[in-house]
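Below: the structure, in structure tokens.
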Amino acid sequence: LALRFPQKLWQMLESGKFQSIWWSESGKCVAINKDLFEMEVLGREGQQVFHTQKIRSFMRQLNAYGFTKMQRKFQRSASLPEFLAEEAAASAHSQILYYYNPSFNREQPMLLETCKRR
């Protein structure tokens, strides 16, 4: 029996085999390093996890199952040197995408069954 998209995603997160995708600290969001994910997961030869090689198709799947993209909130400093350092850190984080679904929570695996395609 083939696994549905949410189950595949869950197994990927729990496996620890991928550096490009992980649970957020709270376990309520999925964090994806976009560029690394494209190479590590979508660019795999012969061992595709998902039926796509395009990040936009993968994101459409996330949206189809009720995931919403979360924006990172950065508190800005008043001093210029600190502000510039924070800007550099924010730019490094720009390749990291965060997705949230109330039915996709690391601490509550039983909710996974309620994660349905729209």
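What the table shows:
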| quantity | calculated |
| --- | --- |
| Segment 64-82, residues that are open to solvent by 60 Å² or more (accessible area, probe 1.4 Å) and at pLDDT 65 or above | Thr68, Lys69, Met70, Gln71, Leu80, Pro81, Glu82 |
| Selection within segment 24-63 - among the β-branched types (Val, Ile, Thr), surrounded by fewer than 17 Cβ atoms within 10 Å (Cβ to Cβ) and not in a loop (DSSP other than H, G, I, E, B) | Ile55 |
| Restricting segment 15-34 to residues that are without any contact (Cβ under 8 Å) to a residue 40 or more places away in the chain and of a type in the set (D, E, K, R), the residue that is nearest to Thr68 (Cα to Cα) | Glu25 |
| Test: Ser94 is over 24 Å from Lys34 (Cβ atoms) and modelled with pLDDT under 70 | no |
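The values are calculated or read from the model by the stated rules, or taken from the named source; none is laboratory data. None of the values given here were measured: they were computed from a predicted structure. No Cβ is skipped: glycine too gets one built from the backbone with ideal geometry, and neighbour counts run over all protein chains shown. These area figures cover heavy atoms from the full protein model, side chains too; ligands, DNA and RNA do not enter into them. Shrake-Rupley method; radii C 1.70, N 1.55, O 1.52, S 1.80 Å.
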